[in-house]
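Encoded as structure tokens, the structure appears first; notes follow it.
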Amino acid sequence: MHRAIYPGSFDPLTNGHLDIIVRAATIVDELIVAVVHNPNKHPLFTLEEREAMLGESLAGLNNVKTAHFSGLLVDFVKEMDASIIVRGLRAVSDFEIEFQMALVNKKLAPGVETMFLMTTAEHAFLSSSSIKEIASLGGDISDFVPPVVKARLLERYKVKK
Ligand code: ADP
């Protein structure tokens, strides 16, 4: 039984994340998509909002669950009785930081493997921050995020304008 954790900020979930989730779910038995609470970051959406958007968007995937955590990722992985960390790679710039994190996590928890999935070409340019910028400037984000995320972004930026 392979249980995996896909951790991230998901502020908000994009079609790039979704693609990684759908593909990882066909490889592992159970996938837990876990929203990270990082007190040093100032996300647009609260932890609860980010997890709710994930839950709605992943409703059709039977072996995928959502969760949230704070603190060390490897502690959460052990707490969930999982043995795999899933991460996505877009560009060489992702590789540097992901490589470092994978090595640190391996040192902290030798029994846990990090599994990388390469982005698909159509999602290579997608990031939560660029989508927030496009949405805040009134651009069309329909092709970049699930419908629930689009609705929440439009609502959020309308209120702020
Ligand atoms: P973090 O703050 O942990 O990087 P993100 O929500 O930005 O959280 O990303 C979570 C994971 O998803 C990371 O491994 C990131 O590289 C990956 N990811 C983000 N966008 C894409 C994308 N468009 N294609 C593939 N992987 C992606």
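Observations, loosely collected:
- Cα centroid separation - region 112-160 against region 52-94, whole Å: 17 Å
- Placing unit charges on the Cβ atoms only, positive for Lys and Arg and negative for Asp and Glu, gives the chain a dipole magnitude near 340 debye about its Cα centre.
- Per the Debye formula on identical point scatterers at the alpha carbon atoms of the chain, with no solvent, log10 I(q)/I(0) at q = 0.09, 0.15, 0.16, 0.17 Å⁻¹ is -0.29, -0.81, -0.92, -1.04.
- Here the peptides 88-98, 131-141 are ranked by packing, the mean other Cβ count within 10 Å, and the order with the highest first is 131-141, 88-98.
- Ranked M101, M118, M1, criterion: other C-beta atoms within 10 Å, fewest first: M1, M118, M101
- Residue-span extension gain [K107 to D140] - 0.36 nm each, minus C-alpha spacing: 7.6 nm
- The number of Lys pairs in region 15-161 with C-alpha atoms less than 15 Å apart, excluding pairs fewer than 8 positions apart on the same chain, is 7.
- Selection from S129, L89, V104, by position along the positive dipole direction of the chain (Cβ): S129
Read the figures in this text as sums done on the coordinates, not as results from a lab. What you see is a predicted model, and the numbers here were worked out from it, not measured in a lab. When we count neighbours, we look across all protein chains shown, and the Cβ atoms used for this are built from the backbone with ideal geometry, even at glycine.
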